[in-house]
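The values are calculated or read from the model by the stated rules, or taken from the named source; none is laboratory data. As the structure is a prediction and not an experimental result, all values here were calculated from the model. Here the Cβ is made from the backbone with ideal geometry for all residues, glycine too, and neighbour counts use every protein chain on show. Accessible surface areas use protein heavy atoms only, side chains included; no ligands, DNA or RNA. Shrake-Rupley method; radii C 1.70, N 1.55, O 1.52, S 1.80 Å.
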Amino acid sequence: MVPADTAFVITFDNEQAGVPHNIEIFKDAAKAEPLYIGETADGPEIVEYTLEGLAAGSYPFICTFHPNMQGTLV
């Protein structure tokens, strides 16, 4: 969970050597309109994603490179 309408940081720790990962956050469950696409972390690497505040709600996210890696930001 992150606070609504407040900037926040996601610390992304990719521990997989030579495997690219990132985070792509979408407006809604249709996953048709990305709100944010984070830079690629070619592991092992730690990347910090700084995001502007989002309105209260649920936002699905995936790894662009591995869409089966998914979750929901609340």
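Numbers at a glance
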item: Residues that are more than 19 Å from Asp5 (Cα to Cα), of a type outside the set (Val, Ile, Thr) and in contact with a Ser or Thr (Cβ under 9 Å, 6 or more places away or on another chain), drawn from the range 49-74; result: Phe65
item: Members of the range 29-48 found to be closer than 18 Å to Val2 by Cβ and either among the β-branched types (Val, Ile, Thr) or open to solvent by 70 Å² or more (accessible area, probe 1.4 Å) (or both), listed by number; result: Leu35, Ile37, Val47, Glu48
item: Given (1) without any contact (Cβ under 8 Å) to a residue 12 or more places away in the chain; (2) open to solvent by 70 Å² or more (accessible area, probe 1.4 Å); (3) touching a strand residue (DSSP E or B) at 6+ places or on another chain (Cβ under 6 Å), index of the condition Asn68 fails; result: (3)
item: Any hit, the range 5-14, residues being of a type in the set (S, T, N, Q), without any contact (Cβ under 8 Å) to a residue 40 or more places away in the chain and assigned to a strand (DSSP E or B); result: yes
item: Residue list for the range 26-52, restricted to those being assigned to a loop (DSSP other than H, G, I, E, B), more than 16 Å from Thr11 (Cα to Cα) and either of a type outside the set (Gly, Ala, Ser) or touching a residue at least 24 places away in the same chain (Cβ under 8 Å) (or both); result: Lys27, Asp28, Ala29, Lys31, Glu33
item: Matching residues in the range 2-26 - criterion: being open to solvent by 40 Å² or more (accessible area, probe 1.4 Å) and within 15 Å of Gln70 (Cβ to Cβ); result: Phe12
